[in-house]
Amino acid sequence: MKRFVEYLSEAIGDGPRIPHPEDAIFSGSDVAMQEALALEEIVKTPEKGTIKWDGSIALYFGNNERGEFFMTDKYMPAKGVFPTSPEGWREYDAGRGANRADLYEKIDTLWDGLKQNVGNSSGTFKGDLMAINPTGLKSNGDAFVFQPTTVKYTVPVDSALGKLLQGKVALIVVHEYNDAPWDGKSGMTNRSNVAVIPPNAFNTFDLPNKRELLTLVRKAITTVSQYGAASDAFINGLDNPARKLLAEYLNHVRTQRAKDNLQEWLQQHANKKQYNNLVGADGNGYLAKNRDGLMALNAIWQSIFAAKTAIVSSYENQVRGFKQETDRGPGGEGIVFPTSKGLRKLINPNFGASHFSKER
(Lines give C-alpha, C1' and ligand atoms only; values in the text may rest on other atoms or scores of the structure.)
Protein backbone atom coordinates (compact mmCIF):
# COMPACT_ATOMS: atom_id res chain seq x y z
CA MET A 1 0.00 0.00 0.00
CA LYS A 2 1.26 3.46 -0.82
CA ARG A 3 2.28 5.70 2.00
CA PHE A 4 -0.16 8.53 2.67
CA VAL A 5 2.19 11.30 1.51
CA GLU A 6 3.10 9.41 -1.67
CA TYR A 7 -0.58 8.98 -2.51
CA LEU A 8 -1.37 12.63 -1.97
CA SER A 9 1.64 13.79 -3.96
CA GLU A 10 0.39 11.81 -6.95
CA ALA A 11 -3.32 12.46 -6.49
CA ILE A 12 -3.32 16.17 -5.77
CA GLY A 13 0.09 17.38 -6.81
CA ASP A 14 0.22 20.58 -8.78
CA GLY A 15 0.74 18.86 -12.14
CA PRO A 16 0.64 20.65 -15.50
CA ARG A 17 -2.22 22.98 -16.25
CA ILE A 18 -4.75 21.63 -18.74
CA PRO A 19 -4.56 23.86 -21.85
CA HIS A 20 -7.48 25.18 -23.83
CA PRO A 21 -8.33 22.59 -26.52
CA GLU A 22 -7.93 25.11 -29.33
CA ASP A 23 -4.34 25.84 -28.24
CA ALA A 24 -3.42 22.19 -28.85
CA ILE A 25 -2.63 23.03 -32.48
CA PHE A 26 0.53 24.76 -31.28
CA SER A 27 1.73 21.30 -30.21
CA GLY A 28 0.93 19.82 -33.61
CA SER A 29 -2.03 18.55 -35.57
CA ASP A 30 -1.92 15.11 -33.90
CA VAL A 31 -2.48 16.73 -30.52
CA ALA A 32 -5.18 18.99 -31.95
CA MET A 33 -6.96 15.96 -33.39
CA GLN A 34 -6.99 14.33 -29.97
CA GLU A 35 -8.63 17.44 -28.54
CA ALA A 36 -11.23 17.51 -31.32
CA LEU A 37 -12.00 13.83 -30.68
CA ALA A 38 -12.32 14.57 -26.96
CA LEU A 39 -14.92 17.21 -27.82
CA GLU A 40 -16.81 14.62 -29.85
CA GLU A 41 -16.78 12.27 -26.84
CA ILE A 42 -18.04 15.09 -24.62
CA VAL A 43 -21.00 15.77 -26.90
CA LYS A 44 -21.89 12.09 -27.04
CA THR A 45 -21.76 11.64 -23.22
CA PRO A 46 -22.89 14.98 -21.76
CA GLU A 47 -24.12 13.36 -18.53
CA LYS A 48 -20.50 12.96 -17.42
CA GLY A 49 -19.88 16.70 -17.33
CA THR A 50 -19.88 18.94 -14.29
CA ILE A 51 -19.78 22.67 -13.60
CA LYS A 52 -16.42 24.44 -13.44
CA TRP A 53 -16.75 26.48 -10.25
CA ASP A 54 -14.93 29.77 -9.75
CA GLY A 55 -13.93 29.31 -6.11
CA SER A 56 -11.82 31.46 -3.82
CA ILE A 57 -9.40 28.78 -2.60
CA ALA A 58 -8.80 25.13 -3.42
CA LEU A 59 -8.82 22.87 -0.36
CA TYR A 60 -7.78 19.24 0.19
CA PHE A 61 -9.02 17.48 3.28
CA GLY A 62 -9.78 14.11 4.82
CA ASN A 63 -8.25 11.68 7.30
CA ASN A 64 -4.60 10.68 7.12
CA GLU A 65 -3.27 7.16 7.65
CA ARG A 66 -3.39 7.66 11.43
CA GLY A 67 -7.05 8.67 11.28
CA GLU A 68 -6.32 12.35 11.95
CA PHE A 69 -8.32 14.98 10.09
CA PHE A 70 -6.19 17.29 7.93
CA MET A 71 -6.80 20.24 5.63
CA THR A 72 -4.36 21.81 3.17
CA ASP A 73 -4.28 24.29 0.34
CA LYS A 74 -3.22 22.99 -3.09
CA TYR A 75 0.45 23.82 -2.55
CA MET A 76 1.10 22.23 0.84
CA PRO A 77 1.09 18.52 -0.17
CA ALA A 78 4.00 18.97 -2.60
CA LYS A 79 5.99 20.30 0.35
CA GLY A 80 4.95 17.46 2.66
CA VAL A 81 2.78 19.73 4.79
CA PHE A 82 -0.56 18.33 6.05
CA PRO A 83 -1.88 20.45 8.95
CA THR A 84 -3.98 18.53 11.45
CA SER A 85 -5.19 21.69 13.18
CA PRO A 86 -5.87 25.33 12.25
CA GLU A 87 -2.72 26.25 14.15
CA GLY A 88 -0.76 24.20 11.64
CA TRP A 89 -1.60 26.75 8.93
CA ARG A 90 -0.21 29.59 11.02
CA GLU A 91 2.92 27.62 11.88
CA TYR A 92 3.50 26.73 8.24
CA ASP A 93 3.20 30.36 7.15
CA ALA A 94 5.40 31.60 9.96
CA GLY A 95 8.09 29.14 8.95
CA ARG A 96 8.18 30.52 5.40
CA GLY A 97 7.83 34.16 6.36
CA ALA A 98 4.27 34.53 5.12
CA ASN A 99 1.15 35.90 6.76
CA ARG A 100 -2.30 35.04 5.36
CA ALA A 101 -4.25 36.67 8.15
CA ASP A 102 -7.37 36.96 5.99
CA LEU A 103 -7.38 33.19 5.54
CA TYR A 104 -6.89 31.94 9.09
CA GLU A 105 -10.38 32.89 10.26
CA LYS A 106 -11.83 30.97 7.33
CA ILE A 107 -9.85 27.87 8.23
CA ASP A 108 -11.00 28.22 11.85
CA THR A 109 -14.61 28.49 10.67
CA LEU A 110 -14.38 25.44 8.40
CA TRP A 111 -12.38 23.07 10.54
CA ASP A 112 -14.85 21.49 12.93
CA GLY A 113 -17.67 21.30 10.39
CA LEU A 114 -15.59 19.58 7.73
CA LYS A 115 -14.12 17.25 10.32
CA GLN A 116 -17.64 16.27 11.38
CA ASN A 117 -18.72 15.74 7.77
CA VAL A 118 -15.75 13.48 7.02
CA GLY A 119 -16.21 11.46 10.19
CA ASN A 120 -14.17 8.24 10.18
CA SER A 121 -13.95 7.85 6.41
CA SER A 122 -10.58 7.32 4.79
CA GLY A 123 -9.24 9.11 1.75
CA THR A 124 -8.89 12.61 0.41
CA PHE A 125 -11.42 15.16 -0.85
CA LYS A 126 -10.65 18.02 -3.22
CA GLY A 127 -12.90 21.06 -3.32
CA ASP A 128 -13.31 24.80 -3.77
CA LEU A 129 -14.48 27.21 -1.09
CA MET A 130 -17.38 29.17 -2.56
CA ALA A 131 -18.91 31.13 0.33
CA ILE A 132 -18.17 31.63 4.01
CA ASN A 133 -19.38 33.73 6.93
CA PRO A 134 -18.45 32.83 10.54
CA THR A 135 -21.84 34.05 11.77
CA GLY A 136 -23.80 32.21 9.08
CA LEU A 137 -24.40 32.66 5.35
CA LYS A 138 -26.76 35.57 4.73
CA SER A 139 -29.48 35.90 2.12
CA ASN A 140 -31.07 39.11 0.89
CA GLY A 141 -34.45 37.59 1.61
CA ASP A 142 -34.84 36.12 -1.85
CA ALA A 143 -31.44 34.62 -2.55
CA PHE A 144 -27.94 33.91 -1.32
CA VAL A 145 -25.48 35.92 -3.44
CA PHE A 146 -21.74 35.30 -3.39
CA GLN A 147 -18.84 36.13 -5.69
CA PRO A 148 -15.60 34.36 -4.69
CA THR A 149 -13.57 35.82 -7.57
CA THR A 150 -14.99 36.59 -11.02
CA VAL A 151 -18.33 34.76 -11.26
CA LYS A 152 -21.32 35.94 -9.23
CA TYR A 153 -23.63 33.16 -8.01
CA THR A 154 -27.26 33.82 -7.09
CA VAL A 155 -29.02 30.99 -5.24
CA PRO A 156 -32.76 31.38 -4.55
CA VAL A 157 -33.56 30.56 -0.93
CA ASP A 158 -36.36 28.19 -1.99
CA SER A 159 -34.14 26.15 -4.36
CA ALA A 160 -32.62 22.79 -3.33
CA LEU A 161 -29.23 24.44 -2.89
CA GLY A 162 -30.75 27.45 -1.14
CA LYS A 163 -32.47 25.20 1.40
CA LEU A 164 -29.19 23.41 2.03
CA LEU A 165 -27.44 26.71 2.74
CA GLN A 166 -29.88 27.67 5.48
CA GLY A 167 -28.05 27.74 8.82
CA LYS A 168 -24.64 27.02 7.28
CA VAL A 169 -21.46 29.02 7.72
CA ALA A 170 -19.83 27.93 4.46
CA LEU A 171 -20.29 26.21 1.11
CA ILE A 172 -17.67 23.96 -0.45
CA VAL A 173 -18.02 22.34 -3.86
CA VAL A 174 -16.25 18.97 -3.64
CA HIS A 175 -14.87 17.81 -6.98
CA GLU A 176 -13.01 14.64 -6.17
CA TYR A 177 -12.79 11.86 -3.61
CA ASN A 178 -9.69 9.66 -3.78
CA ASP A 179 -8.80 11.12 -7.18
CA ALA A 180 -12.19 10.30 -8.75
CA PRO A 181 -15.28 12.51 -9.26
CA TRP A 182 -17.24 12.80 -6.02
CA ASP A 183 -20.81 11.48 -6.22
CA GLY A 184 -22.12 13.66 -3.38
CA LYS A 185 -22.53 10.70 -1.03
CA SER A 186 -19.43 8.54 -0.66
CA GLY A 187 -17.16 9.14 2.32
CA MET A 188 -18.87 12.23 3.71
CA THR A 189 -22.14 13.43 5.21
CA ASN A 190 -23.71 16.88 5.03
CA ARG A 191 -24.78 17.19 8.65
CA SER A 192 -22.52 19.92 10.01
CA ASN A 193 -22.61 23.69 9.66
CA VAL A 194 -20.47 23.44 6.49
CA ALA A 195 -22.43 22.59 3.33
CA VAL A 196 -20.72 20.31 0.81
CA ILE A 197 -22.13 19.65 -2.65
CA PRO A 198 -20.92 17.73 -5.73
CA PRO A 199 -19.90 19.77 -8.78
CA ASN A 200 -23.15 19.11 -10.66
CA ALA A 201 -25.04 20.85 -7.82
CA PHE A 202 -28.10 18.58 -8.11
CA ASN A 203 -28.28 19.08 -11.90
CA THR A 204 -28.47 16.38 -14.54
CA PHE A 205 -27.32 17.34 -17.99
CA ASP A 206 -28.06 16.51 -21.58
CA LEU A 207 -27.51 18.35 -24.85
CA PRO A 208 -30.80 18.88 -26.71
CA ASN A 209 -28.87 20.32 -29.66
CA LYS A 210 -26.50 17.36 -29.84
CA ARG A 211 -26.81 17.04 -33.63
CA GLU A 212 -25.86 20.68 -34.16
CA LEU A 213 -22.90 20.36 -31.80
CA LEU A 214 -21.68 17.18 -33.46
CA THR A 215 -21.75 19.01 -36.78
CA LEU A 216 -19.44 21.69 -35.35
CA VAL A 217 -17.12 19.14 -33.78
CA ARG A 218 -16.90 17.09 -36.95
CA LYS A 219 -16.18 20.27 -38.90
CA ALA A 220 -13.25 20.82 -36.54
CA ILE A 221 -12.06 17.22 -37.08
CA THR A 222 -12.28 17.73 -40.86
CA THR A 223 -10.42 21.04 -40.61
CA VAL A 224 -7.58 19.41 -38.66
CA SER A 225 -7.36 16.66 -41.27
CA GLN A 226 -7.43 19.10 -44.16
CA TYR A 227 -5.00 21.72 -42.87
CA GLY A 228 -2.94 19.76 -40.35
CA ALA A 229 0.08 19.16 -42.59
CA ALA A 230 0.34 22.83 -43.59
CA SER A 231 -0.11 23.93 -39.98
CA ASP A 232 2.57 21.50 -38.77
CA ALA A 233 5.05 22.76 -41.34
CA PHE A 234 4.33 26.32 -40.22
CA ILE A 235 4.64 25.50 -36.50
CA ASN A 236 7.85 23.53 -37.02
CA GLY A 237 9.48 26.66 -38.37
CA LEU A 238 8.80 28.60 -35.16
CA ASP A 239 10.68 28.50 -31.89
CA ASN A 240 8.75 28.10 -28.64
CA PRO A 241 8.66 31.84 -27.79
CA ALA A 242 7.12 32.58 -31.19
CA ARG A 243 4.52 29.83 -30.75
CA LYS A 244 3.59 31.25 -27.37
CA LEU A 245 3.24 34.73 -28.84
CA LEU A 246 0.83 33.56 -31.53
CA ALA A 247 -1.22 31.54 -29.04
CA GLU A 248 -1.33 34.55 -26.73
CA TYR A 249 -2.55 36.77 -29.55
CA LEU A 250 -5.40 34.46 -30.51
CA ASN A 251 -6.47 34.18 -26.89
CA HIS A 252 -6.20 37.93 -26.35
CA VAL A 253 -8.48 38.54 -29.32
CA ARG A 254 -11.07 36.06 -28.05
CA THR A 255 -11.02 37.47 -24.53
CA GLN A 256 -11.24 41.04 -25.83
CA ARG A 257 -7.77 42.01 -24.66
CA ALA A 258 -6.55 42.75 -28.17
CA LYS A 259 -8.20 44.73 -30.96
CA ASP A 260 -5.14 45.30 -33.17
CA ASN A 261 -4.23 43.10 -36.09
CA LEU A 262 -1.41 40.61 -35.56
CA GLN A 263 1.36 42.81 -36.90
CA GLU A 264 0.31 45.78 -34.75
CA TRP A 265 -0.03 43.53 -31.70
CA LEU A 266 3.43 42.05 -32.22
CA GLN A 267 4.91 45.56 -32.28
CA GLN A 268 3.79 45.91 -28.67
CA HIS A 269 4.39 42.37 -27.38
CA ALA A 270 7.36 40.89 -29.27
CA ASN A 271 10.96 41.81 -28.62
CA LYS A 272 13.00 43.27 -31.48
CA LYS A 273 14.49 39.94 -32.56
CA GLN A 274 11.13 38.18 -32.50
CA TYR A 275 9.45 40.99 -34.41
CA ASN A 276 12.14 41.02 -37.10
CA ASN A 277 11.88 37.25 -37.52
CA LEU A 278 8.10 37.17 -37.66
CA VAL A 279 7.27 40.44 -39.43
CA GLY A 280 10.53 41.76 -40.82
CA ALA A 281 11.59 45.31 -41.42
CA ASP A 282 10.00 45.27 -44.87
CA GLY A 283 6.97 43.21 -43.82
CA ASN A 284 8.41 40.15 -45.53
CA GLY A 285 9.21 38.07 -42.44
CA TYR A 286 8.29 34.49 -41.58
CA LEU A 287 4.55 35.19 -41.32
CA ALA A 288 4.35 36.73 -44.79
CA LYS A 289 6.51 34.03 -46.37
CA ASN A 290 4.40 31.31 -44.79
CA ARG A 291 0.98 32.90 -45.03
CA ASP A 292 -0.73 29.66 -46.08
CA GLY A 293 0.61 27.89 -43.00
CA LEU A 294 -0.56 30.70 -40.74
CA MET A 295 -4.02 30.58 -42.31
CA ALA A 296 -4.09 26.79 -41.83
CA LEU A 297 -3.19 27.10 -38.15
CA ASN A 298 -5.80 29.81 -37.67
CA ALA A 299 -8.50 27.75 -39.39
CA ILE A 300 -7.86 24.82 -37.04
CA TRP A 301 -7.71 27.02 -33.95
CA GLN A 302 -10.95 28.81 -34.83
CA SER A 303 -12.84 25.60 -35.68
CA ILE A 304 -11.96 23.93 -32.38
CA PHE A 305 -12.72 27.15 -30.50
CA ALA A 306 -16.14 27.44 -32.17
CA ALA A 307 -17.05 23.86 -31.24
CA LYS A 308 -15.84 24.29 -27.67
CA THR A 309 -17.70 27.56 -27.18
CA ALA A 310 -20.96 26.11 -28.49
CA ILE A 311 -20.65 23.14 -26.14
CA VAL A 312 -20.00 25.40 -23.13
CA SER A 313 -22.95 27.63 -23.98
CA SER A 314 -25.35 24.72 -24.43
CA TYR A 315 -24.20 23.09 -21.24
CA GLU A 316 -24.36 26.22 -19.07
CA ASN A 317 -27.84 27.04 -20.39
CA GLN A 318 -29.06 23.88 -18.65
CA VAL A 319 -27.87 24.85 -15.16
CA ARG A 320 -30.87 25.08 -12.84
CA GLY A 321 -31.31 26.03 -9.20
CA PHE A 322 -28.99 29.05 -9.26
CA LYS A 323 -27.66 31.70 -11.63
CA GLN A 324 -24.10 32.31 -12.79
CA GLU A 325 -22.98 35.59 -14.32
CA THR A 326 -19.99 37.85 -14.91
CA ASP A 327 -19.83 41.48 -15.92
CA ARG A 328 -19.86 40.21 -19.51
CA GLY A 329 -23.25 38.54 -19.13
CA PRO A 330 -24.82 35.20 -18.14
CA GLY A 331 -22.64 32.15 -17.68
CA GLY A 332 -19.98 30.84 -15.34
CA GLU A 333 -16.39 29.70 -15.69
CA GLY A 334 -17.23 26.71 -17.87
CA ILE A 335 -17.49 22.95 -17.62
CA VAL A 336 -15.30 19.94 -16.79
CA PHE A 337 -15.40 16.49 -18.39
CA PRO A 338 -13.64 13.23 -17.61
CA THR A 339 -12.90 11.71 -21.03
CA SER A 340 -10.98 8.65 -22.17
CA LYS A 341 -8.21 11.09 -23.10
CA GLY A 342 -8.11 12.58 -19.60
CA LEU A 343 -9.82 15.46 -17.85
CA ARG A 344 -10.90 18.31 -20.10
CA LYS A 345 -11.81 21.82 -18.97
CA LEU A 346 -13.82 23.95 -21.36
CA ILE A 347 -13.68 27.59 -20.29
CA ASN A 348 -16.38 30.10 -21.17
CA PRO A 349 -14.75 32.91 -23.24
CA ASN A 350 -16.87 35.49 -21.41
CA PHE A 351 -15.31 34.32 -18.16
CA GLY A 352 -11.85 34.88 -19.62
CA ALA A 353 -12.76 38.35 -20.83
CA SER A 354 -14.20 39.29 -17.45
CA HIS A 355 -11.40 37.70 -15.44
CA PHE A 356 -8.59 39.39 -17.33
CA SER A 357 -10.32 42.75 -17.46
CA LYS A 358 -10.08 42.80 -13.63
CA GLU A 359 -6.29 42.43 -13.83
CA ARG A 360 -5.71 45.46 -16.03
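The values are calculated or read from the model by the stated rules, or taken from the named source; none is laboratory data. Quick caveat: nothing in here was measured; it's all calculated off a predicted structure. Note: ideal-geometry Cβ built from the backbone for every residue, glycine included; neighbour counts use all protein chains shown. Just the protein is used for accessible areas: all its heavy atoms, side chains included, with ligands, DNA and RNA removed. Shrake-Rupley method; radii C 1.70, N 1.55, O 1.52, S 1.80 Å.
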In degrees, nearest 10, range 0 to 90: what is the angle between the Cα axis of helix 101-118 and the longest Cα principal axis of the chain?
70
If ligands, DNA and RNA are left out, what is the accessible area of Met295 with a 1.4 Å probe, given in Å² to the nearest 10?
110
Computed D for the chain, Stokes-Einstein, Kirkwood radius over alpha-carbon pairs, 10 °C, 1.306 mPa s, to the nearest µm² per second, is 71
Based solely on C-alpha atoms, express the radius of gyration and the Dmax of region 27-100 in angstrom.
19.3, 50
Before rounding to the nearest 500, sum -39500 (n - 2.57) across all DSSP H runs of length at least 4 in the chain and divide by the residue total; then give [θ] at 222 nm in deg cm²/dmol.
-13500 deg cm²/dmol
In Å and from the alpha-carbon atoms only, list the Rg and Dmax of region 32-161.
18.2, 51
Calculate, for the chain, the solvent-accessible area per residue in square angstrom, rolling a 1.4 angstrom probe over the heavy atoms of the protein chains.
49
Pairs Lys272/Lys345; Lys44/Lys152; Lys79/Lys126; Lys126/Lys308: which are spaced more than 28 Å apart, C-alpha to C-alpha?
Lys272/Lys345; Lys44/Lys152
Given a 1.4 Å probe and the protein chains all in place, what does the accessible area of Asp206 round to, in Å² to the nearest 10?
80
Lysines with Cα under 28 Å of Lys273, excluding same-chain neighbours fewer than 8 positions away:
Lys244, Lys259, Lys289
Given charges of +1 on the Cβ of Lys and Arg and -1 on the Cβ of Asp and Glu, with all other atoms neutral, how large is the dipole of the chain about its Cα centre, in debye to the nearest 20?
320
For region 215-352, count the residues as N, evaluate 2.2 N^0.38 Å, and divide the Cα radius of gyration by that value, please.
1.22
Quotient of Cα radius of gyration and Kirkwood radius for region 144-204, i.e. Rg/Rh, equals 0.96
At 0.36 nm per residue, minus the direct Cα-Cα distance, what do Thr135 and Lys74 gain on full extension? Give it in nm, one decimal, please.
19.3 nm
Given the pairs Lys74/Lys115; Lys106/Lys163; Lys115/Lys185, which span a C-alpha to C-alpha distance of over 20 angstrom in this model?
Lys106/Lys163
